[in-house]
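What follows is a short report on a single structure.
The values are calculated or read from the model by the stated rules, or taken from the named source; none is laboratory data. As the structure is a computational prediction, the values presented were derived from the model and not from experiment. Note that each Cβ is placed from the backbone with ideal geometry, even for glycine, and that neighbours are counted across all protein chains shown. Remember, those area values only see protein heavy atoms, side chains included, never the ligands or the DNA or RNA. Shrake-Rupley method; radii C 1.70, N 1.55, O 1.52, S 1.80 Å.
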Amino acid sequence: MNKILILLSLLLILSSCASVKPDTSGAEMHYGMALAYADKKDYDKAIEHYKKVIELRPGYAEAYYEIGDAYLHMEDLQSAIEAYKKAAELKPSFAAAYTRIGMVYAQSENQEDYDKAIQYSQKAISLKSSDTLAYSILGMAYYLKKDYDKAIESYKKAVELDPSWSGAYTRMGMACNDKKDYDKAIEAYKKAIELKPYDSWAYHKMADTYENKLDTVTSFFFSGMAYYLDENYEDAIEAYKSAIALKPDYTEAHFELGRTFYRQKNYASTIEACKKAIELKPDYIDAHHFMGNAYLNNEEYDNAIEVHKKIIELKVDFIASYYEIGRAWHYKQDFDKAIEYYKKSLEFNPEYKLAISKLGDAYFDKRDYDRAIEFYKKTLELDPAYEPVYYSMGRAYSAKEDYEIALAYYQKSLELDPYFAPAYCKIGHIYYNVQNYDKAIAYYRKSISLQANYAEAYEAMGLAYGKKENHDKLIENLKKAIELDPDNALAYFRIGRAYEKKENYDLAIENYKKAIKLDSNNAVMYNNMGWSYAKKKDWDKALEYCKKSIELDPNDAWSQHSMGYSYAGKKSYDKAIEHFKKSIELFEKLPDATYYLGETYHDMGEAYEAKGNKEKAAELKQKAKELGYP
């Protein structure tokens with residue numbers, strides 16, 4: 001670790017100076033400003049204001065001390081020492097200033113400075129015998145002088161004063177290691193890891209000590225652990241594989257290898273590694289658990305259920321497995337089974353927040369919004385700051401079309417997480433549903449500014465522009481949605497409709513074809529393709545696609561109308577009238593279809609007129625006018 005970084009980390013761990021603010025009002029103002037700049041890491045400005053404090057109150061030792069800290073953060077060690085020495089000169093009882101001087105000297109590359117580090121640390125201890133940091137610096141200085149016994153003695157005193165200080169145990173381990181007392185070193189590292197399980201430094205040092213002991217297998221294993229904590233997964237994998245190559249039955253190495261693959265989202269390799277760990281230790285619950293979750297994330301839901309059921313056989317009260325089985329059933333769209341297992345997890349822990357929240361999600365997916373809200377509220381009773389549930393509440397109330405309450409929950413979600421793009425998108429949906437398209441667009445834009453690859457927001461923004469009859473903007477945004485989600489058949493279809501409204505039938509057909517390629521059983525898509533061909537007067541192609549649409553959905557009124565229109569184009573008026581009649585029957589059953597019914601009467605009238613039956617044609621066209629068709 002870089003010496004300056006060590007120094008700064010020590011500075012943050014134990015700061016033993018409790019500064020007293022000056023009582024002079026002008027000095028106090030500058031002192032406050034200096035602290036504010038230091039908090040913002042603007043150390044030049046902080047120093048400028050500390051110096052103003054000193055001008056107003058020349059003997060103020062604490063201001064010199066703070067200047068020292070600022071220089072220390074700027075890595076100007078010589079200036080830091082000068083400031084700390086001035087603080088100690090002004091206030092000889094200022095133990096923290098001596099501690100800081102010792103700390104800076106301990107970071108020097110100059111061997112002679114280690115004696116100075118010892119001298120100043122001892123002075124600090126003589127003034128304040130409980131100065132843990134001073135003992136640690138004393139240990140560091142003795143370690144650098146290779147006086148390992150005195151280093152160990154100093155670190156022991158540091159942990160006696162602060163038993164929770166993992167770093168002192170790690171340094172003690174380093175001194176024991178260099179003294180070749182490897183067992184004592186390992187004991188110290190284990191204590192450090194017990195106190196701070198996610199500190200990779202102790203694992204790295206443990207690996208070094210096992211290597212010195214010529215225990216290469218264990219050294220590789222702890223290197224893997226260290227690299228894993230550093231999020232250096234490739235090196236972790238190589239280390240675990242090296243350990244396994246030397247010791248194929250190393251159960252923990254197989255498991256940790258699987259766990260590392262899991263972090264890389266390489267679920268197939270996770271499963272393989274965990275299977276090997278389980279072969280060696282059949283009741284290895286952690287290996288079962290990671291394997292089950294890997295199956296779940298790999299969308300192998302039946303395997304996930306099987307593995308988690310095995311865990312329950314091994315440990316009936318393993319709550320997480322009931323929850324994960326619930327999630328597997330949830331993904332399989334069996335919401336009742338999901339609810340059953342989420343509830344089972346609550347039998348062991350009635351306050352299991354994740355399960356209660358997921359019960360809300362399961363009821364939401366069953367469209368039982370009131371029950372969903374009930375469970376979301378229970379979750380919030382347990383944890384009022386649990387942001388995802390405010391979002392879920394917004395979705396539930398929005399589904400109930402209670403938009404005012406939904407909006408309040410989405411806004412609460414954003415209070416807790418102002419950068420949560422989906423909440424902005426859902427607010428956009430609310431404004432879309434109440435036909436405030438400008439506000440909807442503004443919220444969709446905000447969500448995209450936070451999450452540039454948000455396909456749903458681009459698609460929704462395109463639809464809002466479509467409602468404003470801005471077909472070019474609709475096309476632009478839906479094309480972006482397709483870039484992000486190339487399998488979005490509906491987006492291609494909607495682009496096709498926009499081109500159809502622009503009377504660009506070739507581009508409409510091109511996009512309908514892409515939509516049909518992705519969704520070949522959608523009657524509406526075939527109908528629109530047929531209609532576009534009809535508008536191009538390509539009657540045979542129009543009939544081909546309209547027939548396919550009717551095959552898929554014989555009761556689609558528009559498909560029957562398009563078929564009639566296409567037959568009329570081919571002058572097959574009897575067939576045209578047959579399909580128009582069928583279309584009228586179907587449109588009459590639909591609410592809000594008056595205009596389209598009028599259009600069908602009008603087009604059927606045109607067919608009768610082409611057959612020479614002007615009286616029938618006039619009757620039908622009159623009917624169309626009565627229905628509001630121009």
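Taking percent of Cα pairs over 39 Å apart as the quantity of interest, determine which of (i) 60; (ii) 39; (iii) 33 was computed from the displayed structure. The value computed from this structure is option (i).
Among the listed pairs Lys45/Lys156; Lys517/Lys570; Lys541/Lys616, those with a Cα-Cα distance over 31 Å are Lys45/Lys156. Compared with the dominant principal axis of the Cα atoms in the chain, helix 523-535 is inclined by about 60°. With a cut-off of 12 Å between beta carbons, the residues surrounding Ser447 carry a summed charge of +1, where Lys and Arg count +1 and Asp and Glu -1.
Annotation: peptides 81-90, 408-417, ranked by per-residue average of other Cβ atoms within 10 Å with the highest first, follow the order 81-90, 408-417. What angle, in degrees between 0 and 90 and rounded to the nearest 10, separates the Cα long axis of helix 148-161 from the longest principal axis of the Cα atoms of the chain? The angle comes out near 60 degrees. In order along the range 224-229, phi translates into HN-Hα couplings of x, 4, 5, 4, 4, 5 Hz, rounded to whole numbers, per the Karplus curve 6.51 cos²θ - 1.76 cosθ + 1.60 with θ = phi - 60° and x for Gly and Pro.
How many percent of the accessible area of the chain is carbon or sulfur, using a 1.4 Å probe? Show your work: numbers first, answer last.
Details: 14200 of 30810 Å².
Heavy-atom surface of the chain belonging to carbon and sulfur, 1.4 Å probe: 46 percent.
As a rough guide to protection, the peptides 540-548, 454-462 ranked by mean Cβ packing within 10 Å, highest first, stand as 454-462, 540-548.
Along the charge dipole of the chain, which of Tyr533, Asn433, Val159 sits closest to the positive end, that is, farthest toward it, with unit charges on the beta carbon of Lys, Arg, Asp and Glu (+1, +1, -1, -1)? Checked the options; the winner is Tyr533. Remark: spin-label model distance Asp302-Asp39 equals 6.0 nm, labels positioned 7 Å along the Cα→Cβ axis.
Computed from Cα atoms, the angle from the helix 455-467 axis to the main principal axis of the chain rounds to 40 degrees.
Straight-distance candidates among the lysines for linking to Lys337, with alpha-carbon spacing under 17 Å and chain neighbours fewer than 8 residues away dropped: Lys309, Lys358, Lys366. When only the Cβ of Lys, Arg, Asp and Glu is charged (+1, +1, -1, -1), the dipole of the range 400-464 relative to its Cα centre reaches about 120 debye. Note on Lys241: aspartates and glutamates with a C-alpha under 16 Å away, same-chain residues under 8 apart excluded, are Asp215, Asp249, Glu252, Glu256, Glu272.
For the residue pairs Lys535/Lys589; Lys439/Lys537; Lys40/Lys265; Lys502/Lys571; Lys332/Lys582, the alpha carbons lie more than 31 Å apart in Lys439/Lys537; Lys40/Lys265; Lys332/Lys582. Backbone phi angles across the range 480-487, fed through the Karplus curve with coefficients 6.51, -1.76 and 1.60 (θ = phi - 60°), yield HN-Hα couplings of 5, 4, 5, 4, 7, 9, x, 9 Hz in residue order; Gly and Pro are listed as x.
By a 1.4 Å probe calculation restricted to protein chains, Leu620 has an accessible surface near 10 Å², given to the nearest 10. Only protein heavy atoms count here; on that basis, with a 1.4 Å probe, Asp178 has an accessible area of about 60 Å². Give the distance, in whole Å, between the Cα centre of the range 551-589 and the Cα centre of the range 307-329. So the separation of the two Cα centres works out to 56 Å. Evaluating 6.51 cos²θ - 1.76 cosθ + 1.60 at θ = phi - 60° for every residue in the range 611-620, the Karplus couplings come out as 7, x, 9, 5, 5, 5, 4, 5, 4, 5 Hz, glycine and proline recorded as x.
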